Amino acid sequence: ELSKYQELWQMLDEIDANTWVLEPANPTEARGSAMRRIALGNQVYLQAELSVQNPRAVCSCRLLGPEREVAPLRQKYNQNLHRWSPSKSTLTNLRAVLDTDFPSPETTEKEEFSVECGVCYAYRLASDGPAAAESFPDVVCENKRCGRSFHHSCLYEWLRTLPSSRVSFDTIFGECPYCQEAISLQGS
């Protein structure tokens with residue numbers, strides 16, 4: 001039964017060894033998770049989820065960070081998706097599709113990529129409830145001079161307390177706690 005997961009674990013081990021994996025915190029101990037949040041640059045991350053049944057298939061990718069940084073990567077991803085080859089490893093394919101090298105433990109320090117929330121000043125935020133997962137700062141102020149990161153829940157609570165914030169459908173509109181530029185957040 002375990003042998004059918006060997007290829008998945010090989011793909012994850014390659015990612016873990018050659019990139020800065022920020023989530024899960026201890027990737028080698030997180031064999032049950034096929035998801036990795038990988039640092040691409042300052043406040044830019046790739047959240048990749050490999051297929052358990054077919055780890056060489058195109059994985060589910062989500063780019064996180066300021067839109068000005070993420071937009072070119074998203075464009076590369078969409079233009080280069082045809083480069084994905086099932087005969088190559090997931091990391092090799094991600095490098096080809098994004099047309100970029102990932103920061104590695106050999107050339108950078110992990111502290112360069114661990115960004116704390118601008119509201120609670122924590123990197124990991126434990127959540128309550130049945131899922132009880134940790135969340136990481138995943139909302140970024142789009143102001144080039146600010147660029148602060150926030151946990152979704154922290155920023156939501158901050159915006160709810162401001163009398164100047166307004167809600168339209170499932171989006172709350174307000175001001176960044178640091179630079180007072182307009183910022184919006186979907187969902188609660």
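Computed from the coordinates by the stated procedures, all read-outs in this text should not be read as laboratory data. Here the structure is a predicted model, which is why all the values come from computation and not from measurement. Cβ atoms come from the backbone with ideal geometry, glycine included; neighbour counts cover every protein chain shown.
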Nearest-ten-degree value, helix 152-161 long axis tilted from longest Cα axis of the chain: 10
GNM top mover of Phe173, Phe136, Phe150 - the chain, alpha-carbon springs below 10 Å: Phe173
Longest to shortest principal axis, alpha-carbon extents of the chain, angstrom: 56, 37, 35
GNM top mover of Pro163, Pro55, Pro86 - the chain, alpha-carbon springs below 10 Å: Pro163
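Can you tell me which of 93-103, 70-80 comes out highest on packing, and rank the rest after it, using the mean Cβ neighbours within 10 Å?
Values: 93-103: 17.9, 70-80: 14.3.
Going by the mean number of other Cβ atoms within 10 Å, highest first, we get 93-103, 70-80.
How big is segment 11-111 by the Kirkwood estimate over distinct Cα pairs, in Å? If you can, show how the numbers build up before the last one.
Working: mean 1/r = 0.0729 Å⁻¹.
One decimal place: 13.7 Å for the Kirkwood radius.
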Simple spin-label estimate for Ser3 and Glu157 in nanometres, 7 Å along Cα-Cβ: 5.1
Only Lys, Arg (+1) and Asp, Glu (-1) charged, at Cβ; segment 1-130 dipole about Cα centre in debye: 560
Acute angle (nearest 10 degrees) that the helix 67-80 long axis makes with the longest principal axis of the chain, alpha-carbon atoms: 30
Degrees separating the helix 6-18 axis from the principal Cα axis of the chain, which is the longest one: 60
